[in-house]
Amino acid sequence: MDNSEQIAQYLEELAQALLALRITTPFHILIAGGAYMLLHNKRQFTLDIDFALIESPHKVSKTVFRATVQRAEVFNKRSTVPFAAEFRQAVEIVAHHHQDLLEDDWMNDEAASYYYDDAPQADVTLWRSFGNSVYVYLPTAEYVLATKIAAYRPKDADDIRVLTQELGISTRAQAKTVVDTFLLPDAQTFWEVNATLEELFP
């Protein structure tokens, strides 16, 4: 995937596949990771769409609001998420239609546990809805930065640089304020965030 129109097309097809499977219960999903960066024109390519479920908001809004990441995964074979099996099937259907372009796991929630365990409260906005069955929310840049600082893999380095520049963050104290807003204390300890901040802001 190399542009936002492509992502939107695949998500629209996902919603259509769910409708064909007679699933009308909406899925509210948070998109972060590489797909988030691509949707904001901060990256040129992503292999997949990392997502996590969020609890259904009382009111769907285009303004920023606080959402809770759901402690659940669609792609867990023992998932208790309603219609998880049909969602997985719909993802497979889209992958089959674009088998030269998409991997079978083009959409996955393998990283969802990191969000609900480490940063369960996200500030988000509604990006788009697809067929009234898939509602896609994007977190704020601050939330994405906090989670990328926690992960801090080599592939996150460029994203962190872009996000800190966009947010005007140039000091360790500024970055720590963002981290403290979203990352739980235990998660900061586990991921050795202080050491990462020292490396990022010597």
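Taken together, the values in this text are just the output of simple stated rules run on the coordinates, not laboratory data. Since the model is a prediction, treat every value here as computed from it, not as a measurement. FYI the Cβ positions are ideal-geometry reconstructions off the backbone, even for glycines, and counts take in every protein chain you see.
At a glance:
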item	result
Helix-derived mean residue ellipticity, 222 nm - over the chain, DSSP H n ≥ 4, -39500 (n - 2.57), to 500	-13500 deg cm²/dmol
Distant-in-sequence amide H partners of Met107 (H built 1.01 Å from N, under 5 Å)	Ile49
Per-residue HN-Hα couplings for region 140-146 [Karplus 6.51, -1.76, 1.60; θ = phi - 60°; Hz; x = Gly/Pro]	6, 4, 5, 5, 4, 4, 4
Amide H within-cut-off set for Ile54, under 5 Å, with H built and near neighbours excluded	His28, Ile29, Leu30, Gln70
For Arg161, Arg153, Arg172, order by how many other beta-carbon atoms lie within 10 Å, fewest first	Arg153, Arg161, Arg172
Neighbour-count order for Ser4, Ser170, fewest beta carbons within 10 angstrom listed first	Ser170, Ser4
Cα-centred dipole magnitude for region 4-139, charges only on beta-carbon of K, R (+1) and D, E (-1), debye, nearest 20	580
Rg/Rh ratio calculated on Cα atoms of region 143-200 (Kirkwood radius)	0.91
The chain: most fluctuating residue of His97, His40, His58 per GNM, C-alpha cutoff 10 Å	His58
Gyration tensor (alpha-carbon) shape descriptor, region 42-98, a/c threshold 1.5	oblate
Label-point gap, in nm, between Asp105 and Asp158 - each point 7 angstrom along Cα→Cβ	2.2
Least to most buried among Glu13, Glu192 (fewest other Cβ within 10 Å first)	Glu192, Glu13
Computed log₁₀ I(q)/I(0) - Debye formula, equal Cα scatterers, no solvent, the chain, q 0.08, 0.13, 0.18 Å⁻¹	-0.27, -0.70, -1.28
Magnitude of the charge dipole, region 143-200, Cβ model with Lys/Arg +1 and Asp/Glu -1, debye to 20	80
Label-to-label distance, nm, for residues given as Asp123 and His40 (7 Å Cα→Cβ offset)	1.1
3J(HN,Hα) from dihedral phi, region 46-59, Karplus parametrisation 6.51/-1.76/1.60, rounded to Hz, x for glycine, proline	8, 7, 8, 10, 7, 9, 9, 6, 10, 5, 4, x, 5, 9
Label-to-label distance, nm, for residues given as Ala20 and His58 (7 Å Cα→Cβ offset)	3.9
